[in-house]
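Peer 1: Below: one structure in structure tokens.
The values are calculated or read from the model by the stated rules, or taken from the named source; none is laboratory data. Just so it is clear, the model here is predicted, and its values are computed rather than measured. Please note: Cβ atoms are built from the backbone with ideal geometry, for glycine as well, and neighbour counts cover all protein chains shown.
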Amino acid sequence: MSNVSELHATANNAGEYLAFTLGQEEYGIDIQKVSEIRSYETPTRIANAPEFVKGVVNLRGIIVPIVDMRIKFNLGTPTYDQFTVVIILNIGHRVVGMVVDRVSDVTTLLPEQIKPSPEIGSAMNTDHIVGLGTIDERMLILVDIDKLMSSADMGLIESTALAA
């Protein structure tokens, strides 16, 4: 940590994270953004939607877009099995579903367990990665799900909706 503001920002990232897997990697998102976890059901396809938007489902009267993160992150051809789940998120004033391979647990990370994400260069957009959570030999890639879902290439949530 080179300065106080970076240290303060990392300390603010401490808390509880829902851990899930995509391919061989384990990720974590702020548990407070998670509304529920559901088994995967085939969504209704929407014409002209990006490939990673699998479609929509009707969740108790709310039409929820379903994003397959394996497609979004180019992690190969997704397979859907009994472990595949949809994490229902509350982002800004929108509800979004995120398809992942499996959910493992809720993990509490202390500030000293969160390391800044490495600089990878311009080949990959890592704006949505807030750091790496380390628990013994385990490493979670911590994702700012607000930033990821509101990014321009996702086209799901306007960033102004997050500020409101």
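Peer 1: For the condition within 20 Å of Ala19 (Cβ to Cβ) and modelled with pLDDT of 95 or more, what is the one hit in Leu89, Leu75, Leu132, Leu148?
Peer 2: Answer to the check: Leu89.
Peer 1: Same structure, new question: Here are the criteria: (1) surrounded by 15 or more Cβ atoms within 10 Å (Cβ to Cβ); (2) touching a helix residue (DSSP H, G or I) at 6+ places or on another chain (Cβ under 6 Å); (3) not in a strand (DSSP E or B). Tell me which single one Arg70 does not satisfy.
Peer 2: All conditions pass for Arg70, except number (2).
Peer 1: Here's something else I'd like to know. For residues in region 1-45 being in contact with a helix residue (DSSP H, G or I) (Cβ under 7 Å, 6 or more places away or on another chain), of a type outside the set (Val, Ile, Thr) and farther than 15 Å from Val96 by Cα, which is modelled with the lowest pLDDT?
Peer 2: Met1
Peer 1: Shifting gears a bit: Those residues that are in a strand (DSSP E or B), farther than 16 Å from Tyr80 by Cα and among the polar types (S, T, N, Q), I need them from region 36-67; list them, please.
Peer 2: Asn58 - this is the single residue of region 36-67 that is in a strand (DSSP E or B), farther than 16 Å from Tyr80 by Cα and among the polar types (S, T, N, Q).
Peer 1: Still on this structure, please answer the following. Of everything in region 131-153 that's charged (D, E, K, R) and over 12 Å from the mean Cα position of the chain (by Cα), which residue is farthest from Pro50 (Cα to Cα)? Step through it out loud before you land on a result.
Peer 2: Filtering region 131-153 for residues charged (D, E, K, R) gives 136-138, 144, 146-147, 153.
Next cut, over 12 Å from the mean Cα position of the chain (by Cα) only: 136-138, 153.
Numbers: Asp136: 38, Glu137: 36, Arg138: 33, Asp153: 9 Å.
Filtering region 131-153 for residues that are charged (D, E, K, R) and over 12 Å from the mean Cα position of the chain (by Cα), the one farthest from Pro50 (Cα to Cα) comes out as Asp136.
Peer 1: Out of region 73-101, which residues are part of a loop (DSSP other than H, G, I, E, B) and either in contact (Cβ under 8 Å) with a residue 60 or more places away in the chain or of a type in the set (Val, Ile, Thr) (or both)?
Peer 2: Start the filter on region 73-101 by keeping residues that are part of a loop (DSSP other than H, G, I, E, B), which leaves 73-84, 92-93, 101.
Selection gives Thr77, Thr79, Thr84, Gly92, His93, Asp101.
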